[in-house]
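This report refers to the structure that appears directly beneath it.
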Amino acid sequence: MATTAAGAVLGLFTDPSAVADAIDGLRAAGFEGSAIKTYTDTPYPEGAFGDEPEQHRLYVFPFVGGLCGFSVALLITIGTQMAYPIVTGGKPILSVPPMVHVLYEGTMLGAILFTVLGIIFESRLPNFSSAPYDPRISEGYIGLLVSRAEGRLDAAEKAMRDAGAVDIVNQQTGARR
């Protein structure tokens, strides 16, 4: 889900428990879970801050890629054998044993390519949103982004300040507070 720039607020924290408190405060202020996102350079377990787990469909991509690869490999092998019908020693033109290797390789190639594309897609790369970001997140701070906060910026900032935010970056003004 792309984050819209209108009304986005980014709070910076140093303590993970403060982030969890801020998420609880934001939910109490009426912000839904899909509007709250955490950014960190440290791999925390999923749900460590009390945020909603991300739903993904990565498992679908290899299956679809495998089916596409199998179909293309089948079309190539049958098409090639029918376009150039060379009868060798009375053997059938469409011979299955040699086709098995090409079908296997086509299936694997399709599954691998679609998996790579699925990883890029599910990682939401590239990110074209203009949501605020602070380079201090890469230095150990924990970012808490609240999107879709139009008209409720003060409530979001208050919830983050009350939880112990070190700094808050407002998207509308671009200013730090």
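Tabulated results
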read-out: Restricting the range 71-89 to residues that are assigned to a helix (DSSP H, G or I) and hydrophobic (A, V, I, L, M, F, W, C), the residue that is surrounded by the most Cβ atoms within 10 Å (Cβ to Cβ); value: ALA73
read-out: Among (1) more than 24 Å from ILE168 (Cα to Cα); (2) buried (at least 18 other Cβ atoms within 10 Å of the Cβ); (3) touching a residue at least 40 places away in the same chain (Cβ under 8 Å) - the single one CYS68 does not satisfy; value: (2)
read-out: Some residue of the range 54-66 being closer than 30 Å to ASP154 by Cα, of a type in the set (Asp, Glu) and in contact with a Gly (Cβ under 8 Å, 6 or more places away or on another chain); value: no
read-out: Which numbered condition ILE119 misses (of (1) at pLDDT 90 or above; (2) more than 30 Å from ALA8 (Cβ to Cβ); (3) surrounded by 11 or more Cβ atoms within 10 Å (Cβ to Cβ)); value: (2)
read-out: Cβ pairs under 7 Å, 6+ apart, first in the range 83-101 and free of Cβ contacts under 8 Å to residues at least 24 places away in the same chain, second in a loop (DSSP other than H, G, I, E, B) and surrounded by 10 or more Cβ atoms within 10 Å (Cβ to Cβ); value: PRO85/ILE93; VAL87/ILE93
read-out: Residue in the range 138-147 that is in contact (Cβ under 8 Å) with a residue 12 or more places away in the chain, surrounded by 12 or more Cβ atoms within 10 Å (Cβ to Cβ) and among the charged types (D, E, K, R) present; value: no
read-out: Candidates LEU10, LEU75, LEU67, filtered to the one that is aliphatic (A, V, I, L, M) and in contact with a helix residue (DSSP H, G or I) (Cβ under 8 Å, 6 or more places away or on another chain); value: LEU67
read-out: Residue count, the range 12-50 (criterion: of a type in the set (A, V, I, L, M, F, W, C), farther than 18 Å from GLU157 by Cβ and either surrounded by 20 or more Cβ atoms within 10 Å (Cβ to Cβ) or free of Cβ contacts under 8 Å to residues at least 24 places away in the same chain (or both)); value: 1
read-out: Tally, over the range 124-151, of residues that are out of contact with any strand residue (DSSP E or B) (no Cβ under 8 Å at 6 or more places or on another chain) and modelled with pLDDT of 85 or more; value: 4
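The values are calculated or read from the model by the stated rules, or taken from the named source; none is laboratory data. Everything numeric here is computed off the predicted structure, so don't read it as measured data. Note: ideal-geometry Cβ built from the backbone for every residue, glycine included; neighbour counts use all protein chains shown.
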